[in-house]
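Just below is one structure, and these are the notes that go with it.
The values are calculated or read from the model by the stated rules, or taken from the named source; none is laboratory data. Predicted, not measured: the structure shown is a model, and the values here were computed from it. Cβ placement follows ideal geometry from the backbone for every residue including glycine, while neighbour counts extend to all protein chains displayed. Please note that ligands, DNA and RNA were not included when accessible areas were found on the heavy atoms of the full protein model with its side chains. Shrake-Rupley method; radii C 1.70, N 1.55, O 1.52, S 1.80 Å.
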Amino acid sequence: PPARALSGGWRARVALGAALLEKCDVLLLDEPTNHLDLEGVLRLEQRLLAEQASPPTILFVSHDRGFVEAVATDVVVFEDQQLKYFRGGFAEFEQRSEERAANHERRLDARTRQETAARESAERLRQRAVANKKHTNDNALRQAKQRLAKIERVGLGRDDGKRYKTNSLKALDESCVRLPSRVEAERARREDQFSFPASLPPAGATALVSLDGVRAGYGNADDVLKDTSAQLRAGARVALVGPNGAGKSTLLKVLAGDLAPTAGDVRRRPGVRTAVVSQHHADALRPHAASSAATLFAERHRCSDLEARGVLGRFGLGGAAATLPLQRLSGGQKARVSLAELTWDAPHVLLLDEPTNHLDM
């Protein structure tokens, strides 16, 4: 069959196969584990780690922690619009990062205490100098100003935690290996807490969606689903597992009502709202590439810009990203927009087909 008729996992295998067969010096892989089943991910790991006479240099982007830990020998981190390099695996990188953060916190705490002590000392000198207006102590005032000026040098240090000698600062310039830096409060890493809208399903004792003896397929091809029976009850969290091409996406399409069965019955409790997050759900945003997510939501749902940005913020897309044209967003940011859009009406049943594709850890 043509490639467009294959499942997402099989299409990913075709693309990876074409890339891996190339004779190259540098192999670039952008989220190569998306759509692959577990066996596919393991086979890809084995292929990349296999002994070769002249192996290529591999640069890859991935949010699959296990894959990164298995394959990476070096880590490059994007942070504050800069690249930071680390020689070693991902587990070692995380350990070093935690140690560095703990050391930074200790230095920041020490700097805060030193600043407070310096300010209090300078204030005492100033008050003592002006206590008697007739006998103003110019020397004490001068000392107070000097101590306040020195506060700017408090906390000067190096990445290895050692302090610079303040009397050698004038001798340092850009040719030095390490320039002094003040210990400042690092911006806390944002912890995304996806907030799906809560909804109570319509009253009733039956399942929200049920299949009974369903058969389903595409065109003249053999049925992908045969004699399938299943139920989705309120509050359940059901995982569909299986290899690429087994029919998981087909089953979701039948549950959503996007694919009519060739036999059997599909029943839905009256009033049930269903939302589907497909493998390629971000593709639905392409016709609106020039609009921002906030503008799109405000127009589509007739709400204020503030309300639209609030909904986007619940899926980790806040600040300037909500007002950028969709065409400038990354794949992961578009996935967040799509999740916010598909759950706008608080669905009772949420069908997720590989929802973690493109999302960071």
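Sort segment 271-361 into rounded, prolate or oblate with this rule: let a ≥ b ≥ c be the square roots of the eigenvalues of the Cα gyration tensor; rounded if a/c is under 1.5, and if a/c is not under 1.5, prolate when a/b is larger than b/c, oblate otherwise.
Details: a/c = 1.63, a/b = 1.16, b/c = 1.41.
Cα axes put segment 271-361 in the oblate bin.
May I ask you to derive the FRET efficiency for ARG11 and GLU120 from their Cβ-Cβ distance with R0 = 51 Å, giving the value to the nearest 0.05? Show your work: numbers first, answer last.
Details: r = 67 Å, r/R0 = 1.31.
Given R0 = 51 Å and the Cβ-Cβ separation, E is 0.15.
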Distant-in-sequence amide H partners of LEU208 (H built 1.01 Å from N, under 5 Å): LEU232, ARG233, ALA234
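Leaving out ligands, DNA and RNA, and with a 1.4 Å probe, what % of the accessible surface on segment 31-104 is carbon or sulfur?
Working: 2530 of 4980 Å².
Carbon plus sulfur share of accessible area: 51 percent.
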In order through segment 16-21: 3J(HN,Hα) via Karplus (6.51 cos²θ - 1.76 cosθ + 1.60), integer Hz, x for Gly, Pro: 5, x, 5, 6, 6, 7
Sorted peptide list for 336-343, 48-55, 245-252, criterion being average Cβ within 10 angstrom, highest first: 336-343, 245-252, 48-55
Integer Hz, Karplus 6.51/-1.76/1.60 couplings in order for segment 242-255, x for Gly and Pro: x, x, 4, x, 6, x, 5, 5, 4, 4, 5, 5, 5, 4
Order by protection proxy (mean Cβ within 10 Å, highest first), peptides 260-270, 31-41, 73-83: 31-41, 260-270, 73-83
Per residue accessible area in Å² of segment 1-105, where ligands, DNA and RNA are left out and the probe is 1.4 Å: 70 Å²
Phi-based couplings in Hz for segment 64-73 (Karplus 6.51, -1.76, 1.60; Gly and Pro marked x): 8, 4, x, 5, 5, 5, 6, 9, 6, 9
Longest to shortest principal axis, alpha-carbon extents of segment 259-313, angstrom: 45, 25, 17
Cα shape, segment 1-71, gyration tensor, a/c 1.5 rule: oblate
Protein accessible area in segment 237-361, 1.4 Å probe - carbon and sulfur %: 51 percent
Segment THR262-SER304, extension gain: residue separation times 0.36 nm, minus the distance between their alpha carbons: 10.7 nm
Ordering of 201-210, 272-281 by burial proxy (mean other Cβ atoms within 10 Å per residue, highest first): 272-281, 201-210
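With a Förster radius of 45 Å, plug the Cβ-Cβ distance of GLU22 and GLN193 into 1/(1 + (r/R0)^6) and report the FRET value to the nearest 0.05. Walk me through the intermediate numbers first.
Details: r = 41 Å, r/R0 = 0.92.
That gives a FRET efficiency of 0.60.
Accessible area per residue of segment 268-361 at 1.4 Å probe, in Å²?
For segment 268-361, the per-residue accessible area is 48 Å².
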